[in-house]
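Down below is the structure, laid out as structure tokens.
The values are calculated or read from the model by the stated rules, or taken from the named source; none is laboratory data. All of these numbers come straight from a predicted model, not from anything done at the bench. Glycine also receives a Cβ, built like all others from the backbone with ideal geometry; neighbour counts cover every protein chain displayed. Accessible surface is based on the protein model in full, side chains and every heavy atom, while ligands, DNA and RNA are left aside. Shrake-Rupley method; radii C 1.70, N 1.55, O 1.52, S 1.80 Å.
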Amino acid sequence: MRRALLAGSALALLVLAGCSSSGNDQPKPSDLNNAPKVGQYQGFGLLPPLPRPSFTLTDTSGKKFSFSQTAGRPTVLYFGYTNCPDICPTTMADIAQAVAQVPAAVRAKTDVVFVTTDIKHDTGPVIATWLRHFDTALPNRFIGLTGSQGQIDAAQAAAHVTLAEDGGQTHATDVLLYGADDYAHVKYLQSDNEADQIAHDLPLIAKTA
């Protein structure tokens, strides 16, 4: 019980992160890294697992994109913004590194979806240009999405992610990993070994159907 309370307290403190270039604001490895893991995953197991959310936004080419289009495929979902100086680019680089490490068959069927929390500045072309910094060596381009404030809020709520604040610049750090069974059994908060955790869990998630 005491471990569970400590883990819950750490999660509450880390659920929102303000992206900042100030050294004093740099994220620290989550205290949850020392908490017991659930099952076989190196990330933080979700009990109960979260169903793949249903929402429709606009992709970087201006077309409607339903998150259900990723159904049945291993999918990484992250909410952030392109002008973030530290947390968001580090997280996306970790995700790209993880996908690059897994077997080719898993890599080929993995989708990575980035949803902006800063709709004022993150237009489709801006998101597309930013994502190309991370996915050029991978078989599948990362999917970038935007929408109205109401749509972005609804997407975060559907994914059980705390709503972003401050024009999207204070946002959840959760990286959600959905399996072939369309459930997220595990998630990640930024840490020094996030890429290795995702790379370990992704092949397992791909077999959950």
If you go through region 115-139 one residue at a time, how many are more than 16 Å from the chain's Cα centre (by Cα) and outside any helix (DSSP H, G or I)?
9
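Could you grab me the full set of residues in region 151-187 that are hydroxyl-bearing (S, T, Y), open to solvent by less than 40 Å² (accessible area, probe 1.4 Å) and either farther than 24 Å from Q97 by Cβ or at pLDDT 95 or above (or both)?
Taking region 151-187 first, the residues hydroxyl-bearing (S, T, Y) are 162, 170, 173, 178, 183.
After this cut, where a residue has to be open to solvent by less than 40 Å² (accessible area, probe 1.4 Å) as well, the list is 170, 173, 178.
Of everything in region 151-187, those that are hydroxyl-bearing (S, T, Y), open to solvent by less than 40 Å² (accessible area, probe 1.4 Å) and either farther than 24 Å from Q97 by Cβ or at pLDDT 95 or above (or both) turn out to be T170, Y178.
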Pick from region 188-209 the residues that are open to solvent by 40 Å² or more (accessible area, probe 1.4 Å) and not in a loop (DSSP other than H, G, I, E, B): which of them is farthest from P74 (Cα to Cα)?
D196
Cβ contacts < 6 Å: first residue in contact (Cβ under 8 Å) with a residue 12 or more places away in the chain, restricted to region 180-197; second residue charged (D, E, K, R), any location; separation 6+ or different chain. Result?
D182/R52; V186/D201; K187/D174; Y188/E194; E194/D94; A195/D94
A98: passes all of (1) over 23 Å from A206 (Cβ atoms); (2) modelled with pLDDT of 95 or more but (1)
Going through region 57-87 in order, the residues found to be outside any loop (DSSP other than H, G, I, E, B), under 20 Å from L202 (Cα atoms) and touching a residue at least 60 places away in the same chain (Cβ under 8 Å) are F67, T70, T75, V76, L77, Y78, F79
Single residue of F134, F114 found to be open to solvent by 10 Å² or more (accessible area, probe 1.4 Å), in the same structural domain as H200 (by TED's automatic domain parsing) and of a type in the set (F, W, Y)
F134
Listed residues C88, C84; which is buried (at least 17 other Cβ atoms within 10 Å of the Cβ), within 19 Å of A172 (Cβ to Cβ) and at pLDDT below 95?
C84
